[in-house]
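Inspection log for the structure reproduced underneath, given as structure tokens.
Where a number appears in this text, it was derived from the coordinates with a stated rule and is not lab data. Bear in mind the structure is a predicted one, so any value in this text is a computation, not a measurement. Please note: Cβ atoms are built from the backbone with ideal geometry, for glycine as well, and neighbour counts cover all protein chains shown.
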Amino acid sequence: MPTVHDWINNPLAVVDGLFAQSNSSPDWEKKVVEYFKEKLKLNDAHTWVPSLNDVPLYYLKPNSLVKFRCMVQDMFDPEFFMGVYETNDLTSNSKQVKCGKYKDITVGGQVDFNSRNTVTSERQTFYCVPIPGESQWAKESYAGTSQARVVPSTSYVPNRHKRSYEEDDEMDTQPQQLKDVSQGTQSSAESHGNTEPKRQETEAPSHDSSSAHCTSSLDLNFPLPGEKGPACLVKVYEDWDGFKLNDMLEVFGILSVDPALSVIADEREASSLLDPTEVTETVEEQRVHSPPPSLVPRLHMLYAQPLVHNNPLLPSSAPENNGDHLSSVLGELASVRAELHTYLTHVLMGDSLAAEYLILHLISNVYSRRDVLPLGKFTLNLSGCPHSSPYTEHLYKVIQQLVPSSYRLCMSLHNMNNQRMVPRKDYTANRLVSGTLQLANNTSLFLDETQLEQGQLDATGVRNITALGNLISWQKVDYDFNYHQMEFPCNINVLITSEGRSLLPSDSQVNLRPTLNPPNLEEYLSAVQVAQVPSQFNKYRIYLSGARALNYTISDEITKAVEEDFVEMRKDDPQSMSAEDLHRLLVVARLLSLSHGQNTLSRDGWMKAKQLEALRISRTQQQKSLSGNEP
Amino acid sequence: MTSTASEDPLSPPSQRSRAHDTSTELQPMPTSPAMDTAAQDVSLFSSPMAPRSGTSEVDASSPLMYGTPSSRVEGTPRSGIRGTPARQRADLGSVRKAPQVDMHSEPVSESCCHSEQGAGQRLVIWGTDVNVGTCKEKFQRFLQQFTAPNSREEENAGLDLNEPLYMQKLDEISVVGEPVLNVNCSHIQTFDADLYRQLICYPQEVIPTFDMAVNELFFDRLPDSVLEHQIQVRPYSALKTRNMRALNPEDIDQLITISGMVIRTSQLIPEMQEAFFRCQVCVFNTRVEVDRGRIAEPAVCRNCNTTHSMALVHNRSAFSDKQMIKLQESPEDMPAGQTPHTTVVYAHNDLVDKVQPGDRINITGIYRAAPMRLNPRQSQVKSVYKTHIDVIHFRKTDEKRLHGLDEDGEQKLFTKERVAMLKELAAKPDVYERLSSALAPSIYEHEDIKKGILLQLFGGTRKDFTQTGRGNFRAEINILLCGDPGTSKSQLLQYVYNLVPRGQYTSGKGSSAVGLTAYVMKDPETRQLVLQTGALVLSDNGICCIDEFDKMSDNTRSVLHEVMEQQTLSIAKAGIICQLNARTSVLAAANPVESQWNPKKTTIENIQLPHTLLSRFDLIFLMLDPQDEAYDRRLAHHLVALYYQSEEQIEEEHLDMAVLKDYIAFARTSVHPRLSEEASQALIEAYVDMRKIGSGRGMVSAYPRQLESLIRLAEAHAKVRFSSKVESIDVEEAKRLHREALKQSATDPRTGFVDISILTTGMSATARKRKEEVAQALKKLIQSKGKTPAMKYQQLFDDLRGQSEAAITKDMFDEALRALADEDYLTVTGKTVRLL
């Protein structure tokens, strides 16, 4: 069934075609990549590609082009494969040179290992998981923009084996004779001409099928507990050094789910009997590195786009013109900010100062590092949250509504002592076992200290606290490689809610001072939520992600003024203003300017930042004298 | 056999095609079994068949007879090349034996080469350009002639460097009896680049040729030597590849050297080399060599012609040892933000169990790739190769460190240009200032502190006085930073931790004594007790940064006493008693007890650390907020700049971290300054001066420890200059820095004098004097009261306060009472004071 989108349905035909034309000159590889890049560039062509994130795997056609929005969780060893190989067809006694790129398994006939046409190439495998903590709204919004016409197979019934054999004869249009059951069903469904849009079909199934499987047999190694979605082995063919662990990517690649791949795992015993020397992999390693493709599909990367953010409402590429985009979409930036501020004030029970700081926190971003010092981070400690009340949970839900990815970590004693936060290398299975702190950039981490009760932290608990402290102070996580530790820089916005001052360090502590006291907290908060129109939320989301990406400078003139000011402040009372305070003040001034859409610090902005800080500090001091137990 | 060679005479010796040829484990090449047996008879090593043929078969069935081929030779080993058994080289594999054999059976090949390639052509091994004869001859010439006058390798210690190096090694072999010759590939390269290229490209063919050459040479020279088996050549340091990440398909079947860390070793795997078959009917024996992991089972007995009568006899088959080792990239080689790669390595025979998990090693071996079978019954193949390395040579990179010899173990290889660049930098007159300002540029000023830390990074010269009974003198410089919170102490520590290769960072709050030293734990796999080392041991030869030093429990702090002076750690727990090296510099940071530094108190009072520990720090710095306007202005400028300057601007101003790292590494490994005459005079004077200052006021102001500190600092300063001599400018700077540090930390707040006893005894001399005065005043008071045997405590205190012009605290009063009690003048019971 040839369609306009042949390159989506059967990209391997394109690859093979280009390979055949090339006459074994090596630049065909470049041509393939170029071809797909060109195709994807065309206006909204990429939206035509079905996404693994929102289409269940069994609806996708094997060897078709799919995309996957993911985070690199682990990097496996590079592997060598047959880039070009020659086969002997025993029946016709003819030789054929074939291309092995973008494929897992050789096709057709006996492979001639001694052929001089064979070319060995190298590729790298990444283990990718969906972006951890991605908010529901972001997922839905991504899925909503997709225009892929995935054909739900009405024939998806347990006895599909029978059907596929019937359909085998119809498959002669396919270049390969893969004995792949799902392919059979797909092509059959296609030939029935079912062009029903996939949306209603794809909402639900993502949980029932894949997640049910993975919990039962295979640990898919998601960083956060309770995550869902497919994990994927992405095979990268070029420039794999450019990718880093925890990078967010949108991968366009060829889906490979050949069930023959999992045969390896099943028949391991048999093959090991035959060849006792093949003990390079332990059973655990086998399981991790060659999981059944029905659970962990392989994706042969044609093209990957690094994602600066995972906000579906903003264009994903070209961070430099984001500012323009922001100003064009948000001509009414000031009003959006004001509305957001009002909204957050309501959520924070009428505390407008805390709402102001929360906005600053939400747009903070580590924009640079000076030797070990991360610049631009703004960890906020909201103290004065009521102990053991559902308030923090509601607050988290509000934040979840605003940011594309977030995670709430209840710092209960049990969690601290039992949760694995720092990723650890498992040498038996040869993989990086993920931990809660393996998060993509700009994820909001909500630490709920109100859940902490008295008791003893054990060794794990102490390690976890240390890791959290390191994360906050240096924006880095030391991954545990057993024989050594490796430092991975990160960029995570940490918000701590606590009753008193948090036991973790923070850049800024704001004591919550409610001016409202609603009799029924839950009712009040849901009323606040309902008052917001969904389109309003979208504006907030665009605003927050956009403001974060703005550029920022300080002019020489302002620099002078700030210096003067600092000296002046120190003159009156050196205790009141330390270098630390100036650091914080500079960050606050930066964030405040950005939140107003200003690219540069103005004198006015500086004064505002100072006022804000003064207000906050006076409140903290009042709190101190009130409670009187602060050292 | 000739057919194999002439099959493709026109094909260039292409690496590509060979790569796949050797990876044909799945389908054996069409070689006839007859050829295999023939191959064995004329095997390239003198065949063990020869001596074996004469023995009776009766005792051969005894269980003692199984084992490696070498043990199959009866009687005492005979000398000479014919008598010494060859040991199969499992590391090279038997894959390509047939074509090799062809070439080695010389009379035959002589003729075949003519027919094959015409007159004057050289005979080469199929698929390569290696001519066995030339190669052998070249290698023998190399062995006989190569000298390495400049060799600094530890393995060559004790050899005459002007004599042919490898001939001496051969002599060594005959004495020691270990038939292994390690050959440095770079030697071959300097001797004959072509031979080197062949060795790298065709190790599988060239190394056996080398073996042959060396054995001929050896037994020609020493025909009477008795060896366990024939000498095996083990090349190392092939410069082909240094990094695991750089391995690519082109390296397959080549000799490579990579470095890495062992993360896992497997159990020993017995691998069959030769199968022993016996006919069930006529008890006829035959041996079949394992070919690419397969045994061609004889279907017919050659003796009695019965079919399918041959049975495998396991304990007479020959096995070799094999071990799978997983190697992981060393952390230093990795680009940031990526996870380390791993490689599978197979060790054979005596290389098994040579390395343990955690070892840092350099391995030299042959890189292999084999296709993966998808399903044994299917023709489809997974288009992926399995790769591994057959190891030929191991070299532990951290071995020397274990033996505590020197720091050469971390020889970081610097290119000539880099060294020249560093030397150029060192020649600049302001190098000291430049480096210190490059240190933690984000932290403002505190120049003396940065200079102190810089000297700490370089360290003094290690001196050994074991002969005279004092053991090692500490070369490491310890520094304590104390001061107000928020003066970026932690940041400085973090920076240092990130700068030095073997740095550890701990916080006093979170660490326990065992975490710092070592603990014993049960290994989950082997169930053996193993010693796990803590931060101090791990930072041996590095710097241990301890934050929140004051929050550390006394128990934990006590272990530091030994480490900071003796530089060792003694452990006695759970049946393990040992002393570990912990030659670490300590960089600690402490906060004052009252959260803000109290300038009216001494250092000891402010941080409340035991003076015994404080005196072990060479330099104690105060990081205080200097409250002055000009400073504030510069600070503000610095901080604001931090926030808006671009990366490039910053880099222009300062040396980057990599240069600093290399500079320090180079200085630490290659500069070992010694005191010059003039410098020692200067040091003596400085010390005498220091003693004099105090003596005027009746107190001691310097102890030998201070002199040692001065020496260390001066040496470190000389290292900064890349100077092999400590000169008076070094002493001057050491004196200055030491004085600055003392001025900050040891000034008696009551008198304003620098008083070293604050640090050494925990109390200033004036404070001690004052204590005495109070006691005397109290005594006088009591005496003036006349004969009252008992007094009220409170009453006495009030009286004393009323009488004295200076304020007397309760503590002082108590102390005075205690002093008098010590004199047996009175006793204090509860609230009453009784005279004795």
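Within a 10 angstrom radius of the beta carbon, how do A:His341, B:His187 rank from fewest other beta carbons to most?
So the residues, fewest neighbours to most, are A:His341, B:His187.
What's the average, rounded to a whole number, of partner chain beta-carbon atoms within 10 Å of each residue's beta-carbon in A:476-485?
3
Where the eigenvalues come from the Cα gyration tensor of the stretch B:770-836, what are the semi-axes √(5λ) of the equivalent ellipsoid, largest first, in whole Å?
Value: 17, 13, 11 Å, ordered largest first.
Greater than 32 Å separation of Cα atoms is the criterion. Which listed pairs, B:Lys450/B:Lys769; A:Lys235/B:Lys416; B:Lys416/B:Lys463; A:Lys103/A:Lys139, meet it?
B:Lys450/B:Lys769; A:Lys235/B:Lys416
Answer rounded, prolate or oblate for the stretch A:551-630, using the Cα gyration tensor with square roots of eigenvalues a ≥ b ≥ c: rounded when a/c is under 1.5, else prolate when a/b is larger than b/c, else oblate.
oblate
Sorting A:Ser364, A:Ser115 on the 10 Å Cβ count, fewest up front, what's the list?
A:Ser115, A:Ser364
Quick one: which of A:Lys31/A:Lys98; A:Lys37/A:Lys228; A:Lys37/A:Lys101; A:Lys610/B:Lys601; A:Lys476/B:Lys326; B:Lys423/B:Lys451 span more than 24 angstrom between C-alpha atoms?
A:Lys37/A:Lys228; A:Lys610/B:Lys601; A:Lys476/B:Lys326
Checking the a/c ratio against 1.5 first, then a/b against b/c, what shape does the Cα gyration tensor give for the stretch A:441-550?
Oblate, because a/c is 1.5 or more while a/b does not exceed b/c.
Taking amide H positions as placed 1.01 Å from N in the peptide plane, with prolines and chain starts having none, which residues 5 or more places from A:Val257, or on another chain, fall under 5 Å of its amide H?
A:Asn63
For the stretch A:482-606, what is one quarter of the convex hull surface built on the Cα atoms, given in nm²?
Result: a mean projected hull area of 13.6 nm².
Taking amide H positions as placed in the peptide plane 1.01 Å from N, state which residues far from B:Gln232 in sequence (5 or more) or on other chains have amide H under 5 Å from it.
Hits under the 5 Å cutoff: B:Val180, B:Leu181.
If a/c stays under 1.5 just call it rounded; otherwise compare a/b with b/c (prolate if a/b is bigger, oblate if not). Do that for the stretch B:183-297, with a ≥ b ≥ c from the square roots of the Cα gyration tensor eigenvalues.
Because a/c hits 1.5 or more and a/b fails to exceed b/c, the stretch B:183-297 counts as oblate.
Taking Rh as the Kirkwood radius computed over C-alpha pairs, what is the Stokes-Einstein D of the stretch B:254-396 at 37 °C in a medium of viscosity 0.692 mPa s, expressed in µm² per second?
In µm²/s, the coefficient is 183.
Just to check I understand the Karplus step: with θ = phi - 60° and J = 6.51 cos²θ - 1.76 cosθ + 1.60, what whole-Hz values come out for the stretch A:49-66, glycine and proline as x?
In residue order, the calculated couplings are 7, x, 10, 5, 5, 10, 10, x, 4, 6, 8, 8, 7, x, 6, 9, 7, 9 Hz.
If you scale each eigenvalue of the Cα gyration tensor by 5 and take the root, what three semi-axes come out for the stretch B:126-236, rounded to whole angstrom and sorted largest first?
22, 18, 11
I need the per residue convex hull volume for the stretch A:448-493, using only the alpha carbons, in cubic angstrom as a whole number.
Cα convex hull per residue, to the nearest whole number: 81 Å³.
Please list, ordered by chain and number, the residues whose modelled amide H lies under 5 Å from the amide H of A:Thr125; skip anything fewer than 5 residues away on the same chain.
For A:Thr125, the qualifying residues are A:Phe76, A:Glu79, A:Val236.
When A:Ser135, A:Ser555 are ordered from fewest to most other Cβ atoms inside 10 Å of their Cβ, what list results?
Final ranking by Cβ density, sparse to dense: A:Ser555, A:Ser135.
How big is D for the stretch A:320-546, in µm² s⁻¹ as a whole number, if Stokes-Einstein is applied with the Kirkwood radius of its Cα pairs at 25 °C and 0.890 mPa s?
It diffuses with D of about 131 µm²/s by this estimate.
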